[in-house]
Every structure is written in C-alpha cells, then in structure tokens.
Amino acid sequence: MHLKKVIKKDIENVLIKINPIKKYNPIIILNKKITMGHYQLNNLIKIATILDLEPYELSKIIIKNIKKKNIYKEITFSQPGFINIFINHDWLSIELENIFISSRLGINRIQPKNIVVDYSSPNIAKEMHIGHLRSTIIGDVIVRILYFLGHNVIRANHIGDWGTQFGMLIAYLEDIKSKIVFQDDSISLEKLEKFYCKAKKKYDSDQLFAEKSREYVVKLQNGDKYCHKIWKKLVSITMIENQKIYQRLNVTLKPDDTVGESFYNEMLPNIITDLKNKKIAIEKNGSTIVFLKEFKNRLGESMGVVIQKKDKGFLYSTTDIACLKYRYQKLHADRIIYYTDSRQHQHLIQAWIIAKKANYIPQNLLLEHHVFGMMLSKNKRPFKTRDGNTIKLSILLNEAIQRAVNLIKNKKPYLRKKKLIQLSEIIGISAVKYADLSKNRNTNYIFDWDKMLSFEGNTAPYIQYAYTRILSIIKKSSIPIIKLKEKVILKKESEINLAIKILEFEEIVLLIAKKGTPHIMCKYLYQLATYFSIFYESCSILFAKKIKICKSRLKLSLITAKTLKKGLNMLGIQIVTKM
Ligand code: ARG
C-alpha cells in the first residue's frame, strides 16, 4: 500500500472541492516520532496561502471532510501549520494480513509497458573489470523490480562485438599460428586479452601488420566466412566467461539477452542513405556527418557527429541510432533505460536527437540515461591494482569470498569446509554488491572491504543476519505458520512503527521503478531491520504473557522476514537461513 499517495490523494480531494482550479501538491512525510502522527502534511501554510485561508481554518476543513475514515484514527492540527495523521491500527492489521497472505506482498501489477534495459554491455576479447560492476548490478535490480511490477522487460546486453579491433586480432592470431585459427580450438579469455594488447602494440608499430588488419576488417564486414568464423569464436570465448561472472553475481542476464553492436551492422548502410536523403546528414571531406545545433564546438559552431568515416567504416554512434530504431520499431519499446557511465552521456543524447529527427522514434519515447559514479579507493583515486591496472571482476569476487571465509571462520570455527565455502560465496559476493547498491548511483563511492563486510550498519551481512535472526525466533516458537490465523494485534509503539514501515515497501518499489535508484531499497531494508530490533527489544515474543500476543508478534516477525526477503531478492542479494 502506497500510504503516502493515498493520504495525498485524500487531502487533494478536499482541496479540490474548496477550489478546483488551483494546484496544491500536498507534501506528506512519514514521521520518525509518533507523537506528531504517523504521517504529516508538511506544506499546510503554503496551501492555506493559495486558498487565502488561515492554516488552522484550512486544517479544520480538511479534518472534517477527509474521506476513508477507516484508515485514519485521528487527524490533528499542530502549530505553526502541520496536519498530523494517526493511522487506525485495525486498518493496519488488515493491510498486514494482505501482505501475509500474498506472494506479492499485496502489491498489484501495474499497466504493463515494454521497457528495454540496456546494461552490463562489456566489450569482446577483454575480461570484465570493476568498471562493469555498477552497470551490471544496478541494471539488474531495475530489471527485477520492473518485472515484478508486471512490465514486459527486455534485457539488452549491448556488447562491443564489432569494430576495427577484430581485424587486428584476427591478423595477430594468424601471425602467432594460434590454434583457434588453425585447429578450431579454444583459448582462455585471459590469454585472448593478452593477445589483444600485443596485437594493439604491433598494429601501432608495424605498418604491414596494420594494413593486413584493415583488410581483415573489411573482409569481416563484408561477411567473409573465414574472418566471420574466427570472430564468432572470439565472441563466444568472451561471453562464456562473462556468463560465469553473471552467475556468480546472481545477475539475471542470459546468453539470449546479448544483442551486440554487430547485430545492427546490416541496418547501417540504409541508415546512412536515409539520413542523407532526409537532409539530416551531409557528406564532408568524404565522411558523412550530422551537424547538431543542440551541441556547440569550441568555436561556437554546430557540433558534427560523424556517422560514416572516409574509409566507409561506421561508428559507435551509427550503431546506437540503428539500435534505437530497432528497439522502437521492432521491440515496440515504450521506455529505454541505459546504464552506462557518465562519459557516454553526450554520445547517447546525440544518438537520441538524430533518431528523433529522422523519425525513427517518436518525440515522446521515454529515454533515460541512468548515470553512475566511479568506485574509488580509500585515497579517493580510481580503484586500481597496485601496478595501476584495472581490477578484473573475477579477481575482485575471489577476494570477496576469501575475506568472507576469514570472517566466518572467526565466528564459527567449527563449520565444515563445504558449508564454509558455500556461505562465504554468498556473504562475500553479497557484500560487494550491497556496498555498491547502497550508495546513490549518481556519486562516486569509496570501496572499503572492512565496512562492507561488517555486521553493523547498512551492509549486506547486517541485513542477512537480521533475516536469519527472525527465522530463528520463529523456529524456536515451534508454532506452525498455519496456526497463525488471527490478524496481528497492534498496541505498542514499536509494533505500530514496524507495521507502518512494512507498508512503506510498495512506495519504495515504485520509486525505484521510476528513478532507477536501488540505494533507496538498501536504506529501507536497513531501517526495517532496525525497527525490528527495536520491536524485539521492547516486546517479548516467545515469552509474551498471552498466547494470542505471542502469535500476533510471531506473525509480525514473519511479515518482516518476508519483506526483507523480497527486498533482498529485488536487489539480487541471496539470503541465508543460518549465519
Ligand atoms: N560497450 C559499451 C562500453 O563498454 C557500453 C554500451 C552501452 N550501450 C549502448 N547502447 N551504447 O562502454
């Protein structure tokens, strides 16, 4: 139940009756202290001014005319201009019951839209590194949440699988007589990346080699069978390895979600002709360029976006224009969200503008670039290996698991090795993911092993532990769940606070679906776990005087656990049942 929205609407309805022409936008907040009401209208004074009324006078009208009285226990005015809203406990109990019995926690599906989420998108012939972490895991949270809400979500792994580097690689592999060329064998991605670096060096220093590489690019682009076969092998070696990373990260991307740059290659010649025909692109010194007045260069002139080079090669931009056309016309996208770092912002906006000018997509298509900051080390510099290289994701995850092993060994020295490894994999990888997801994606953040693996604060271990603690309370009670038939009885302040927090879940989910900000969920789960602790400390559950109260509190605990579990699941964080 999005209670804030309900209260807002109820108040708005009263205001509209007073004067239907004006806009009010009541601001409702969830109070920390119950003395001021569970919820509060914060901008009463401003609204009163619009209506030319005294705040107190207006509050009286609102209180008298508000509908859905069953939700509200009491509505009061407080100086200088607030309306305090106390929620009816019986109504809260009914809502909790809805959450208890529903696998969707009482959240309705919404009008489905076709939403493309463009995320992860690594480049071929290289191992995934920490630069891909944010896009991959934040994108995946949004996918999970949009899917949960009932949308038709299309995961798009827009891998960099096309371009001049492939000519270079094919030429190099041939040079070193690699088995992958001559014996249709496979090599590791690690080795492939090394070859890539060597090929690049050779390309820059050896003219003959460079020429051969360029020839191979043309051949590949023209569909030459030999080149195509090697290229396919390179893509496959990379993506098999990446798929392992997705699996370890508990990310939902599957091989079928990969639609790389190469896929759009066929469309590109027509796009160029069409843009020229529509007078959007012009030829200048042999290149095809779109001049955009929306962007100015240093001289104040319209900026040119090259879409075809002199040598007839296409560019990253050309692909993204074609990709937009495809996603709208073939996939019928209503909304497209890109998770790429902020350096690509201009590139994306340019592609969007050009696609709109060409009428490939409508003006009102929802296009969003959800940017994110960088991972920094403790000295606030980009997070790198000691010798200054980017950190491979596989290495980072291995370290996370090793650190989790040390942590758990300390806590539970007698745990069997197999169990220890199983648990450490979940705890270690969750910690890395959660540390990232819990930071506002718009900012850089400092990667800190000790903090993320701590059992205190807004961390994965804290939330995972809170969950297991509730499970153990429920287990200890030895009351079967089917015996929890009666509705929750809400009396103590900590019970009511917890209940209202549980109800806030829907609001959080809807907000993330709109803004693509998983940190809101982390903060919510942290608060929920904290509210549970307060409840647990102030209300005895297993030793409650009456069995009725014991059952009610068990049920409230169970609903809390259910909400934690669902929230963690949306974050792609695995739960454990014992810790
Ligand atoms: N492969 C690109 C990179 O590694 C990201 C692709 C983002 N998506 C897009 N449609 N351009 O930087």
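Residues considered: Ser93, Ser103, Ser78. Of these, the only one that is within 21 Å of Val488 (Cβ to Cβ), free of Cβ contacts under 8 Å to residues at least 60 places away in the same chain and more than 16 Å from the ligand (Cβ to nearest atom) is Ser103.
Scanning the range 300-311 for residues that are within 16 Å of the ligand (Cβ to nearest atom) and either under 27 Å from Arg134 (Cα atoms) or touching a residue at least 60 places away in the same chain (Cβ under 8 Å) (or both) turns up nothing. For the range 5-21, a residue qualifies if it is among the basic types (Lys, Arg) and surrounded by 13 or more Cβ atoms within 10 Å (Cβ to Cβ), and the qualifying residues are Lys5, Lys8, Lys9. Just so you know, in the range 150-162 the residues that are in contact (Cβ under 8 Å) with a residue 40 or more places away in the chain and crowded, with 20+ Cβ neighbours inside 10 Å include one that is farthest from the ligand (Cβ to nearest atom), and it is His151. Tell me, yes or no, whether the range 434-442 has at least one residue that is modelled with pLDDT of 95 or more, within 30 Å of Lys551 (Cα to Cα) and in contact with a Cys (Cβ under 8 Å, 6 or more places away or on another chain). No, the range 434-442 contains no residue that is modelled with pLDDT of 95 or more, within 30 Å of Lys551 (Cα to Cα) and in contact with a Cys (Cβ under 8 Å, 6 or more places away or on another chain). Listed here are the helices (runs of 4 or more DSSP H) enclosed by the range 443-514 that have at least 2 residues being touching a residue at least 12 places away in the same chain (Cβ under 8 Å), more than 30 Å from Asn379 (Cα to Cα) and out of contact with any Cys (no Cβ under 8 Å at 6 or more places or on another chain): 460-477, 493-503. Scanning the range 316-354 for residues that are in a helix (DSSP H, G or I), within 12 Å of the ligand (Cβ to nearest atom) and touching a helix residue (DSSP H, G or I) at 6+ places or on another chain (Cβ under 6 Å) yields a count of 9. Summed over the range 62-94, the residues that are charged (D, E, K, R) and either surrounded by 20 or more Cβ atoms within 10 Å (Cβ to Cβ) or farther than 14 Å from Val6 by Cβ (or both) give a count of 4.
The listed residues are Leu173, Leu192, Leu234, Leu169, and the only one of them that is surrounded by 14 or more Cβ atoms within 10 Å (Cβ to Cβ), within 30 Å of Val117 (Cβ to Cβ) and more than 31 Å from the chain's Cα centre (by Cα) turns out to be Leu169.
What number of residues within the range 134-165 satisfy the criterion of being assigned to a helix (DSSP H, G or I) and touching a Leu at 6+ places or on another chain (Cβ under 6 Å)? Of the residues in that region, 1 qualify.
Summed over the range 108-151, the residues that are in contact with a Lys or Arg (Cβ under 8 Å, 6 or more places away or on another chain) and more than 24 Å from Leu376 (Cβ to Cβ) give a count of 10. Among the residues of the range 360-374, those that are surrounded by 15 or more Cβ atoms within 10 Å (Cβ to Cβ) and over 21 Å from the mean Cα position of the chain (by Cα) comprise Tyr360, Ile361. Taking Ile137, is it among the hydrophobic types (A, V, I, L, M, F, W, C) and away from the ligand (no atom under 16 Å from the Cβ)? Taking the combined requirement at face value, the residue does not satisfy it.
Residues that are touching a Phe, Trp or Tyr at 6+ places or on another chain (Cβ under 7 Å) and charged (D, E, K, R) were ranked within the range 525-579; the one that is surrounded by the fewest Cβ atoms within 10 Å (Cβ to Cβ) is Lys565. How about the range 214-226: which of its residues are under 17 Å from Phe314 (Cβ atoms) and part of a helix (DSSP H, G or I)? If the condition is that a residue be under 17 Å from Phe314 (Cβ atoms) and part of a helix (DSSP H, G or I), then Arg214, Tyr216, Val217, Val218, Lys219, Leu220, Gln221 are the ones that fit. Taken residue by residue, the range 282-297 has no member that is closer than 28 Å to Tyr216 by Cβ, in contact with an Asp or Glu (Cβ under 7 Å, 6 or more places away or on another chain) and surrounded by 17 or more Cβ atoms within 10 Å (Cβ to Cβ). Considering only residues that are touching a residue at least 12 places away in the same chain (Cβ under 8 Å) and assigned to a loop (DSSP other than H, G, I, E, B), look in the range 255-279 and name the one that is nearest to Val153 (Cα to Cα). Among those residues, the one meeting the criterion is Val259. If you go through the range 87-109 and keep only what is in a loop (DSSP other than H, G, I, E, B) and within 21 Å of Leu510 (Cβ to Cβ), you end up with Ser102, Ser103, Arg104, Leu105, Gly106, Ile107, Asn108, Arg109. Among the residues of the range 306-339, those that are under 18 Å from Lys356 (Cα atoms), hydroxyl-bearing (Ser, Thr, Tyr) and under 25 Å from the mean Cα position of the chain (by Cα) comprise Tyr316, Ser317, Thr319, Tyr326, Tyr328, Tyr338.
If you check Glu127 against the conditions, is it in a helix (DSSP H, G or I) and either more than 15 Å from the ligand (Cβ to nearest atom) or under 23 Å from the mean Cα position of the chain (by Cα) (or both)? Judged against the criteria, Glu127 is not a match. Out of all the residues in the range 368-384, which are away from the ligand (no atom under 11 Å from the Cβ) and either assigned to a helix (DSSP H, G or I) or within 18 Å of Arg155 (Cα to Cα) (or both)? Scanning the range 368-384 gives Glu368, His370, Val371. Close Cβ contacts (under 7 Å, 6 or more residues apart or on different chains) running from residues in the range 190-211 that are assigned to a helix (DSSP H, G or I) to residues that are surrounded by 13 or more Cβ atoms within 10 Å (Cβ to Cβ) and of a type in the set (S, T, N, Q) comprise Tyr203/Ser213. Confirm whether Lys501 is among the basic types (Lys, Arg) and surrounded by fewer than 18 Cβ atoms within 10 Å (Cβ to Cβ). No: the conditions fail for Lys501. Here Tyr360 clears all of (1) within 11 Å of the ligand (Cβ to nearest atom); (2) over 14 Å from Phe263 (Cα atoms) except the condition numbered (1). For the range 110-117, the condition of being basic (Lys, Arg) and either surrounded by 16 or more Cβ atoms within 10 Å (Cβ to Cβ) or outside any helix (DSSP H, G or I) (or both) holds for at least one residue.
The values are calculated or read from the model by the stated rules, or taken from the named source; none is laboratory data. Predicted model only: the values in this text are computed from it and were never measured. Glycine also receives a Cβ, built like all others from the backbone with ideal geometry; neighbour counts cover every protein chain displayed.
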